[in-house]
């Protein structure tokens, strides 16, 4: 922890902040803050809006006139292609949600345990073990040995475990978790130890409640990782019923692209699915649920229990 | 992470490959077979002298195809297995790679040694390289016993085409096709503007010029590179062997192999292309555009798009199905020099990976699939009465079957290319009739592919090849589209960079291998 | 480091902590370390009969294509500079956003802004590429505006100059929501007590940020930068490929190792050469991170990555 901060005297929290009349600095701060964030938000929103609008546009209109804020004609062609087999899409949503929930919870549990152990200053091998974990981000043996490990030795071909295991732990999440937990004062652990609490109990009863923002962050990252993962399904899943959403959509996209280039001579009665607007509809279908759920995650990003509150 | 890099690399690689192969280049710039060294011997035991293969043991086979499974695939395979079980005491578990990254997965399946008894194989899926590296079983001794009908009805030269180092590593399909490139274009505009029909470069230039100046439309809108590069190859009769760099200067002079960008012909061409670019025949951002030129024809903002006859048919059908008010014509580049080269036999085929324990049984199933119409029709066209119905005669079919709604039962599609046999192929009613006319046009002017089967694995020059290819991508492509400000200067840079990358060593290697092949086959 | 009889004694003393990391270690052994044998592909000429270890050993031949071109140094420089810009500018933007998000009072505004900032993360690079093309093509948005203002149009796809900025901009734009979350969480873990104390000392909001928030974010900032250093030679292939495509006119300013390797191997993909390129990137990152970590450890131990 920065030394400059430690010199400040610790004072119990009081709920007076908002009542104090705003000084000039705060006003300036607010003006800059609101303007800047509003600007960034718009820059982030506009392209996304163009994609949403694009997904409802006629394929030929997109090609000829490019992206538009408001399409001149509304077309549901892209969504019809996406939902051409609705039961499959719903099933895929189910698979994705199941894998995301199971994987995120298990991953969060393992990541937080590892992160906590590695953050403990009295854990002698914390640095060597951190290095052991970090090293995996530097070197990799490539796709083939990994694939052989997954299929031949672990027998995970066409198993849900093939979707859950690979994204479960990442060096990035663990090191990040370790750093969040490092900011919890050592003294808390020490006093609990004196009271005779074991390491696991300390982790469960003290550390976890104190790390809410960190857990929310890592949980979010894990969930996003699972939600967006199509690669593992692409590699290992061969049964259509087990396809997660992202892979199913990605499959629809690539089949459409193939049809588009390979629309042999027979196409008489069949119309080729759109490809441009399909890409956009797919982005909307994937992102939609997450955007709606995200506000629920946000409530964990508030100042939760502070150190003072626990002590007191 | 390396895995990610490789993954992405292969992904894009595959996409670009896929696009080019689906357009099925007729130019014959693919690596091909010539025996090099003995590698696969003694991994198959000839079982001859028996009365007929023993099928007393029940066997379950795993087959892999590229592409996606159809909605009703399970039903069809179940039907198929009923027949197979009765006839051969065998069932097949049919799996698909899906189109996503199919080549990555295809290579993984082979490299990881997964148990597979039959897999699609093709020169555009690296058949020759894989065969040489030992990915497939040698079928030479098995074929006469376990696939006797196929062994007899596949022409000798087709077997030769899949022979690598004296072993036969695939069963090629028996369906010679013509897939030369050409332009689909706005025929109605040509008539309206009173322009001559396409016959040569001048007529094409006149057309583009008129479209640009009178219709105010960029003739090749969107991605232009392939449109221009293929025109170059067909117009100059350049027979590329290695990428777009090393090739023979004409079909008649196969031994005259040169570094194409070093030729005067090339220099004259890129100068012409600079003129075309300045006339606005394509856009300045053409190299970054991901939109196919054909998409702009559909919107009325383009006039020309490269296609092969079959995909031209698809394009024309689509324009009609969408009710777009335009007339589309097709001009095959073969008319420049009046000959056409058919696709290689191993453009599509089936092979047995080394990991298979049941090669014999798998071949027996393939023999049935290729030659027994009951098996062939079911797997290739689906269930009769649901996915298709008999047409006017035995050779034609109707899709969809009467009373079937395509929205409920989408048209059946399967990567059947690997086992297609010409005499079993049925023609669908309602296709583009231009296709048959072209077939008639091509048959009498067909010439064998003499360059396509020179087998090159580039092992001694792989470093140079990689460097040269990158130089081509960086300098060759902009030059072909006349995008650089000073053609003379950038041509010099291009040539210098190619030299520095070791293009001459590459040339020597290609010439050496080609001459060996020509000597062997007696080609002058 | 651990004195005599270290490991056994430590295992005994902290056995619960060991048990807590054990699943993680096992995971990495199985999914990362054992498959690492694959780096050996870089030194062989692959064939199916031999497999990984039976194939012919050819030394460093697979690396030659990287050096042969003579532009490896330029590529390395490009890749490193792009990554540095991404890492440093990206993190600074994320810190700024996180600080405002933490301090502003309007709840709905904060929530909305945070949600909106996450949207780009969900757009694939393919879509971003299409979007960029729409902006900068011959008849794109920018050139239409220029025309309407009576100005000369600009051939973006023939000029190398603007692309560094465009690429850096879109990369930061795409990652801003994701990165901000990390800093926001870090700010939320700062005890309110510090701010109360500072307020009593009469510190205004800017002073609070300078004296409390920024110093306390320092460890996270350094951690994230350090973490990224190991991958400094690994480029985001999709970002470059989707925005630039096959446009050789722009490579001088936009070529990174990954795009270069991809182009080199399009005709003749070779597992050995692909692995070799990855190994070069890994090795470079490895040396860099070991050096930096060593220096940091000597000077500010608490910031070291391991």
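All of the numbers you see were taken from the coordinates with simple rules; none came from a lab. Just so you know, these numbers come straight off a predicted model, no measurement behind them. Using ideal geometry, Cβ is built from the backbone for each residue, glycine included, and neighbour counts are taken over all protein chains shown.
Look at residue C:239 and say whether it is more than 9 Å from chain B (Cβ to nearest Cβ), in a helix (DSSP H, G or I) and touching a helix residue (DSSP H, G or I) at 6+ places or on another chain (Cβ under 8 Å).
So residue C:239 passes the test.
Yes or no, residue by residue, for (1) out of contact with any helix residue (DSSP H, G or I) (no Cβ under 8 Å at 6 or more places or on another chain); (2) in contact (Cβ under 8 Å) with a residue 60 or more places away in the chain; (3) closer than 19 Å to residue B:135 by Cα:
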{"site": "B:53", "(1), (2), (3)": "no, yes, no"}
{"site": "B:59", "(1), (2), (3)": "no, yes, no"}
{"site": "B:65", "(1), (2), (3)": "no, yes, yes"}
{"site": "B:80", "(1), (2), (3)": "no, yes, no"}
{"site": "B:92", "(1), (2), (3)": "no, yes, no"}
{"site": "B:103", "(1), (2), (3)": "no, yes, yes"}
{"site": "B:115", "(1), (2), (3)": "yes, yes, yes"}
{"site": "B:119", "(1), (2), (3)": "no, yes, yes"}
{"site": "B:123", "(1), (2), (3)": "no, yes, yes"}
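Tell me the residue from A:111, A:100 that is within 28 Å of residue C:234 (Cβ to Cβ), crowded, with 22+ Cβ neighbours inside 10 Å and either away from chain C (no Cβ under 14 Å) or free of Cβ contacts under 8 Å to residues at least 24 places away in the same chain (or both), please.
Result: A:100 is the single residue among A:111, A:100 that is within 28 Å of residue C:234 (Cβ to Cβ), crowded, with 22+ Cβ neighbours inside 10 Å and either away from chain C (no Cβ under 14 Å) or free of Cβ contacts under 8 Å to residues at least 24 places away in the same chain (or both).
Scan (1) away from chain C (no Cβ under 14 Å); (2) over 28 Å from residue B:450 (Cα atoms); (3) surrounded by fewer than 23 Cβ atoms within 10 Å (Cβ to Cβ); (4) under 25 Å from the mean Cα position of the chain (by Cα) for the single condition residue B:374 breaks and write down its number.
(4)
Residue-wise test of (1) assigned to a helix (DSSP H, G or I); (2) within 14 Å of chain B (Cβ to nearest Cβ).
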position: A:167; (1), (2): no, yes
position: A:179; (1), (2): yes, no
position: A:191; (1), (2): yes, no
position: A:209; (1), (2): yes, no
position: A:225; (1), (2): yes, yes
position: A:247; (1), (2): yes, yes
position: A:250; (1), (2): yes, yes
position: A:257; (1), (2): yes, yes
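For the stretch C:274-281, check the following and say yes or no: at least one residue is under 24 Å from residue B:284 (Cα atoms), facing another protein chain (nearest Cβ under 7 Å) and touching a residue at least 12 places away in the same chain (Cβ under 8 Å).
For the stretch C:274-281, residues under 24 Å from residue B:284 (Cα atoms), facing another protein chain (nearest Cβ under 7 Å) and touching a residue at least 12 places away in the same chain (Cβ under 8 Å): absent.
For the stretch B:189-213, name all the residues that are assigned to a loop (DSSP other than H, G, I, E, B) and under 22 Å from residue B:237 (Cα atoms).
B:197, B:198, B:199, B:200
Is there a residue in the stretch A:233-245 that is within 15 Å of residue A:93 (Cβ to Cβ), under 22 Å from the mean Cα position of the chain (by Cα), buried (at least 21 other Cβ atoms within 10 Å of the Cβ) and more than 11 Å from chain B (Cβ to nearest Cβ)?
Scanning the stretch A:233-245, I find at least one residue that is within 15 Å of residue A:93 (Cβ to Cβ), under 22 Å from the mean Cα position of the chain (by Cα), buried (at least 21 other Cβ atoms within 10 Å of the Cβ) and more than 11 Å from chain B (Cβ to nearest Cβ), so the answer is yes.
Of the residues C:32, C:55, C:69, which is surrounded by 15 or more Cβ atoms within 10 Å (Cβ to Cβ) and under 16 Å from residue C:258 (Cα atoms)?
On inspection, the qualifying residue turns out to be C:69.
Tally up the residues in the stretch C:104-129 that are touching a residue at least 60 places away in the same chain (Cβ under 8 Å), more than 7 Å from chain A (Cβ to nearest Cβ) and within 21 Å of residue A:225 (Cβ to Cβ), please.
2
Only one of these is over 20 Å from the mean Cα position of the chain (by Cα) and buried (at least 17 other Cβ atoms within 10 Å of the Cβ): B:161, B:147, B:152. Name it.
Every option except B:147 fails the conditions.
Keeping to the stretch C:202-236, report how many residues are more than 7 Å from chain A (Cβ to nearest Cβ), in contact with a helix residue (DSSP H, G or I) (Cβ under 9 Å, 6 or more places away or on another chain) and more than 30 Å from residue C:128 (Cβ to Cβ).
Of the residues in the stretch C:202-236, 6 are more than 7 Å from chain A (Cβ to nearest Cβ), in contact with a helix residue (DSSP H, G or I) (Cβ under 9 Å, 6 or more places away or on another chain) and more than 30 Å from residue C:128 (Cβ to Cβ).
Conditions (1) at the interface with chain A (Cβ under 8 Å from one of its Cβ atoms); (2) over 13 Å from residue B:185 (Cβ atoms); (3) surrounded by fewer than 24 Cβ atoms within 10 Å (Cβ to Cβ), marked per residue:
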{"position": "B:286", "(1), (2), (3)": "no, yes, no"}
{"position": "B:296", "(1), (2), (3)": "yes, no, no"}
{"position": "B:305", "(1), (2), (3)": "no, no, no"}
{"position": "B:310", "(1), (2), (3)": "yes, yes, yes"}
{"position": "B:313", "(1), (2), (3)": "yes, yes, no"}
{"position": "B:318", "(1), (2), (3)": "yes, yes, yes"}
{"position": "B:326", "(1), (2), (3)": "no, no, yes"}
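In the set A:139, A:200, which member is touching a helix residue (DSSP H, G or I) at 6+ places or on another chain (Cβ under 8 Å), over 30 Å from residue C:121 (Cβ atoms) and surrounded by fewer than 23 Cβ atoms within 10 Å (Cβ to Cβ)?
None of the other options fit; the residue is A:200.
How do the pairs read when you match residues in the stretch C:139-159 that are farther than 27 Å from residue C:241 by Cβ with residues anywhere that are outside any loop (DSSP other than H, G, I, E, B), using Cβ under 8 Å and keeping only pairs 6 or more apart or on different chains?
C:152/C:146
Take the residues in the stretch B:196-217 that are under 29 Å from the mean Cα position of the chain (by Cα) and under 18 Å from residue B:286 (Cβ atoms); name whichever of them is surrounded by the fewest Cβ atoms within 10 Å (Cβ to Cβ).
Ranking the qualifying residues of the stretch B:196-217, first place goes to B:205.
Here is a check on your reading of the model: is residue C:221 within 30 Å of residue C:69 (Cα to Cα), outside any loop (DSSP other than H, G, I, E, B) and within 18 Å of the chain's Cα centre (by Cα)?
So residue C:221 fails the test.
For the stretch B:413-498, please list each of the helices (runs of 4 or more DSSP H) lying entirely inside it that holds at least 2 residues being more than 14 Å from chain C (Cβ to nearest Cβ).
Those helices (runs of 4 or more DSSP H) span B:434-442.
Checking residue C:47 against (1) within 11 Å of another protein chain (Cβ to nearest Cβ); (2) in contact with a helix residue (DSSP H, G or I) (Cβ under 6 Å, 6 or more places away or on another chain); (3) surrounded by 18 or more Cβ atoms within 10 Å (Cβ to Cβ), which test does it fail?
Residue C:47 satisfies every listed condition except (3).
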